[in-house]
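The values are calculated or read from the model by the stated rules, or taken from the named source; none is laboratory data. Computed from a predicted model, the values in this text were never measured in an experiment. Using ideal geometry, Cβ is built from the backbone for each residue, glycine included, and neighbour counts are taken over all protein chains shown.
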Amino acid sequence: MRLLKDNSLTIVLLLLFAGSIIGQWLTGWHVAIEDATRHGQAAISLGTYTASSEFLSSGFENWESEFLQMSAYVVLTAMLIQRGSSESKDPDSPARDADLAEQAMKPGAPAILRKGRWARALYARSLGIALFFLFLLSFVMHWTQSAHAAAAEAKEHGDAAVSTLAYLGDPQLWFESFQNWQSEFLSTAVLVLLSIVLRQKESPESKPVAAPHAHTGD
């Protein structure tokens, strides 16, 4: 029970993810069946749909925008501030990670901090780097799978298929990306601004309920 309690946030989020992607998977499959029926084609099996470019592209398209938003947010909040927001560091407080060489000697500090200057510098930025790498990976998968889907559609209509590399310049690819990116950045900006004047009891994403509006950080 202690293990479940200590990891309850991750567990619940993963369960919500599983439920959502299963919903996307099954409803997308039914959409594919309806599309095949309209075109007089044989119904696609669930297994075939799972490996299809249509399903993979739609999944990676969404993950791409999420990882872009998170990587940008992690990096931007390290450099910029929003006074009064719980999502911002306090500009009037001393730098939290000013002397990593000294902090590396503290009990419980990650061992990599004692591996030298470059190791400390890399580890100090590892969260943003990891999230950006996941964004790049998701973007590449979105791009290539969308290219395969577009090529298959072109073949069905007797048109010449565009190469995967050429599809990188296709407006449809960037339309799919930008429509997700804009929503991610908007929702994040709304959270930053609303956290100045609104509260959520006991949430680390909110200032204490009784904190002044001018209070910055948690």
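Considering only the range 119-128, I want to know if a residue exists there that is touching a residue at least 24 places away in the same chain (Cβ under 8 Å) and buried (at least 17 other Cβ atoms within 10 Å of the Cβ). The answer is yes; a qualifying residue exists. In the range 34-55, of all residues being farther than 23 Å from T144 by Cα and part of a helix (DSSP H, G or I), the one that is modelled with the highest pLDDT corresponds to E34. Of the listed requirements (1) outside the structural domain of P204 (by TED's automatic domain parsing); (2) exposed (fewer than 12 other Cβ atoms within 10 Å of the Cβ), P91 misses just one: (1).
To keep it simple, each residue is scored yes or no on (1) touching a residue at least 60 places away in the same chain (Cβ under 8 Å); (2) buried (at least 16 other Cβ atoms within 10 Å of the Cβ); (3) closer than 30 Å to R83 by Cα.
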| site | (1), (2), (3) |
| --- | --- |
| K155 | no, no, no |
| G158 | no, no, no |
| N180 | yes, yes, yes |
| V190 | no, no, yes |
| E202 | no, no, yes |
| E205 | yes, no, yes |
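Listed by first and then second residue, the pairs with beta-carbon distance under 9 Å, at least 6 apart or on different chains, first residue in the range 22-40 and free of Cβ contacts under 8 Å to residues at least 12 places away in the same chain, second assigned to a helix (DSSP H, G or I) and among the hydroxyl-bearing types (S, T, Y), are I33/Y49. Residues satisfying the criterion are absent from the range 187-194 (criterion: within 30 Å of H39 (Cα to Cα), aliphatic (A, V, I, L, M) and assigned by TED's automatic domain parsing to the domain that holds N62).
Table: residues versus (1) at pLDDT below 95; (2) part of a helix (DSSP H, G or I); (3) more than 19 Å from N180 (Cα to Cα); (4) in contact with a helix residue (DSSP H, G or I) (Cβ under 9 Å, 6 or more places away or on another chain).
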residue: L4; (1), (2), (3), (4): yes, yes, yes, yes
residue: S20; (1), (2), (3), (4): no, yes, no, no
residue: A32; (1), (2), (3), (4): yes, yes, yes, yes
residue: G59; (1), (2), (3), (4): no, yes, no, yes
residue: V74; (1), (2), (3), (4): no, yes, no, yes
residue: I81; (1), (2), (3), (4): yes, no, yes, no
